[in-house]
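A short reminder: the numbers here are calculations on the coordinates, not readings from a lab. On a predicted model such as this, the values are computed, not experimentally measured, just so you know. FYI the Cβ positions are ideal-geometry reconstructions off the backbone, even for glycines, and counts take in every protein chain you see.
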Amino acid sequence: MANETATIPDNLRARAQEKGWPLDLVQQALDIGATAEQLIGYMDQGVTADQARQFLAAQAGAAGGGVEPSDALKAKAEEHGWPLDLIAQALSFGAAEEDLIRYMDMGVTVEQARQFMMNGGGGASIEVDLSWMQVPTEWNTRARPTKHGLTLEAINIGKYGEVPDVWEYQTEMPRGAVPIAGVEGMGYSIFQKQEVWSDACAPLYEEAIQRRWRPATDVPWTTIEPLPDDVERAMGQICTHLSEKAQVEADIIGHWEPEISYGYHEVKLYLATVVFEDARAVEVFRKRALSNGGGLGLQSPGWAYRAVVDARNFTEMTTIQMVLQDSLTLGQYEYMEKYAKNPAEKFIFGRMLQDKSRHIAYGITHLKYALLHKPERREEVQRYLDKGEGMQVMDDVRDTATREAFAVYFAGGRENAREGLRGADAMRRRGLQQYLSRLKWATLDRDERLHPGLRAVFES
Amino acid sequence: MPTFPSVEWFNAIKDIVNNDPNFRQLGTVDAVVGVKVENKIYQLTFEAFECTDVRDASESDLRDMDFWLEQPYDLWKDMLDNIKKHGAADLSHTLNTIDLNIPEGLARSTDGYRRDAFYRFNQSIQDFFNASAKIDTQYAPAEAVTA
């Protein structure tokens, strides 16, 4: 016995004792060519003494005349440098020849193959480590469905419902889970609650999920009848404009999603519904444009879009897009619902009112939250709106096509377009009035600071 | 035959929509909505998938509601007659269209944010009034609503 153990290095002996590997097993492994470093590596990977014995027994069986490899397999093994004892051992574990050839062709190394078989060869039992069951998360949590079902608010209980002012983790760890060391960051850049939060986002998410609709089958498309050519052209232009706006919002919100850290998952979830609803808007306006003998119209100048695309922080984007822009868009939906020429359009704009007003609800409640928690941001927000309104005026001046299209549609034809322009102006006034009213609710007074180009709408 | 406006009339509509799977399919509605017919005021509470409460209300209750619907009695009757005739509001009589046609607006609120519930739940509130096509309505004399 003394002779057998004399060849075991001290570090291997110590590790074997620590891991519960008997020294005779260690000696046996060394005798068949394993190195001390390999054995220590196997022990550190969690290979048990039983698994090692099984491996050695299989190897001994293979050496004693197990399954004989075919000539083709021998040739492939020679080509890839796999020793024949390893091939024999794999065959004795039950591996098929074609599998072994495939592994070799895939570039699996001799060392990887040995390690795989030491770990049980895919067929042996694997010892489980249940230490994860001891993690100190809050346990015995029992959320109960409400009248609304099992909502996000219903599961926000205990620590799971604590939304911190600052989220400290850069990884995708869910709120309430236990972090582990060494996980790579996910590239989030927003870690402060005031930058994204709204108390309404969880209920708005549930509302958006519950109140969804399907353009392909819910809209009564067959009620659309041929319209005079100028009215159909007006509708095509309006649909072009509205689908452009929806696509911009979807793209922008999609861009900001990965910036928001996982601690504020309610915001991330709600914004996902905004992207979905904007996609639905793009879909339904394109379908309307292409469903009645018409088509699309002129592209918009896009100045207002740039104000949103160029936003450098989330509140800036939200304020310009989901308060200013969406208030004007909601006004357009309202008027299009009023002047709808058939039940299909009535349905489309009635549903769009609902979707868009949720976007505004998030935008305005986030703005209020940000201003109440960071009052020093008030002037900053005013400046964002200076810029957003200015860009909107640039569009208003240049986008005569869309304004005239609304006028023709409202008036029911080009001959009454002048009268229709009054409707288009009333629509813009309404959008702006509601925009200012919502800002007041968010504690931001902009009556005196509204861009002169927009103020002119009230004086026309 | 229930009389408009009255708690009895609104309860009849409430019973219809609460048993209508199509109303539920429109999604959750969470709003406290007033209906003002001249001097008569009613409060309708919507919660989750149903209308949960109908009651008489007063002028001072309006400020606690998300929004209220208000128009002259003749226009209420015109809207309900139109719904009865067509089975649902036609293109000229939807709540949104009426809202734009009345200078003061049909949907009113003391709160710039809560008024937006009119838009968020527009189709459900519309569906609620459309359900009146399923009952026979008699109208209260004008003196009764102005008293």
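Quick notes on this structure:
- Over 12 Å [Cα-Cα, the stretch A:357-404], rounded percent: 71 percent
- Under the Debye formula (equal points on every Cα, no solvent term), log10 I(q)/I(0) of the stretch A:107-225 at q = 0.17 Å⁻¹: -1.05
- For the peptide B:91-101, the mean number of other protein chain Cβ atoms found within 10 angstrom of a residue's Cβ is 5.
- Near B:Asp53, the amide H atoms lying under 5 Å from its own belong to B:Thr45; only residues 5 or more places off or on other chains count, and H is placed 1.01 Å from N.
- Based on Cα contacts under 8 Å between residues 6+ apart, chain A shows a relative contact order of 13 percent.
- Measuring how big chain B is from its alpha-carbon positions, Rg and Dmax come out at 13.9, 39 Å.
- Using the Cβ-Cβ distance between A:Asp425 and A:Gln194 with R0 set to 56 Å, the FRET efficiency from 1/(1 + (r/R0)^6) comes to roughly 0.90.
- Taken about its Cα centre, chain B carries a charge dipole of about 220 debye when Lys and Arg each add +1 at the Cβ and Asp and Glu each add -1 at the Cβ.
- Counting Cβ atoms of other protein chains within 10 Å of each Cβ in A:348-357 and taking the mean gives 4.
- Around A:Ile101: net Lys/Arg minus Asp/Glu count, Cβ-Cβ under 15 Å: -4
- Distance between the pseudo-spin-label points of A:Asp85 and A:Asp50 (7 Å out from Cα toward the beta carbon): 2.6 nm.
- Each peptide in B:77-90, A:212-225, A:322-335, B:30-43 was scored by the mean count of other Cβ atoms within 10 Å over its residues; highest first, the order is A:322-335, B:30-43, B:77-90, A:212-225.
- When peptides A:415-423, B:115-123 are ranked by their average number of other Cβ atoms within 10 Å per residue, the highest-first order is B:115-123, A:415-423.
- A:Trp132-A:Gln112 pseudo-label distance in nm [points 7 Å out on the Cα-to-Cβ vector]: 2.4 nm
- Overall shape of the stretch A:313-460 was characterised from the C-alpha gyration tensor. The equivalent ellipsoid obtained from it has semi-axes of 29, 18, 11 Å, in decreasing order.
- For the stretch A:166-283, the relative contact order comes to 41 percent (Cα pairs under 8 Å, sequence separation of at least 6).
- Cβ-Cβ FRET estimate between A:Arg455 and A:Asp165, R0 fixed at 41 Å, reported to 0.05: 0.60
- Scattering from the protein assembly as shown was approximated by placing one identical point on each alpha carbon and applying the Debye formula without solvent; log10 I(q)/I(0) at 0.08, 0.09, 0.10 1/Å stands at -0.70, -0.79, -0.90.
- Annotation for B:Asp20 and A:Ala272: the two label points, set 7 Å from Cα along the Cα-Cβ direction, are 3.3 nm apart.
- Of A:Lys159/B:Lys14; A:Lys159/A:Lys374; A:Lys287/B:Lys14; A:Lys287/A:Lys368; A:Lys387/B:Lys36; A:Lys341/B:Lys77, pairs whose Cα-Cα distance is over 32 Å: A:Lys159/B:Lys14; A:Lys287/B:Lys14; A:Lys287/A:Lys368; A:Lys387/B:Lys36
- Added length on full extension, which subtracts the Cα-Cα distance from 0.36 nm per residue, A:Thr443 to A:Lys147: 103.3 nm
- Helix-only CD estimate at 222 nm, as mean residue ellipticity for chain A, using -39500 (n - 2.57) per DSSP H run (n ≥ 4): -19000 deg cm²/dmol
- Each Lys or Arg adds one and each Asp or Glu subtracts one; over the other residues with Cβ under 14 Å from the Cβ of B:Val54, this totals -4.
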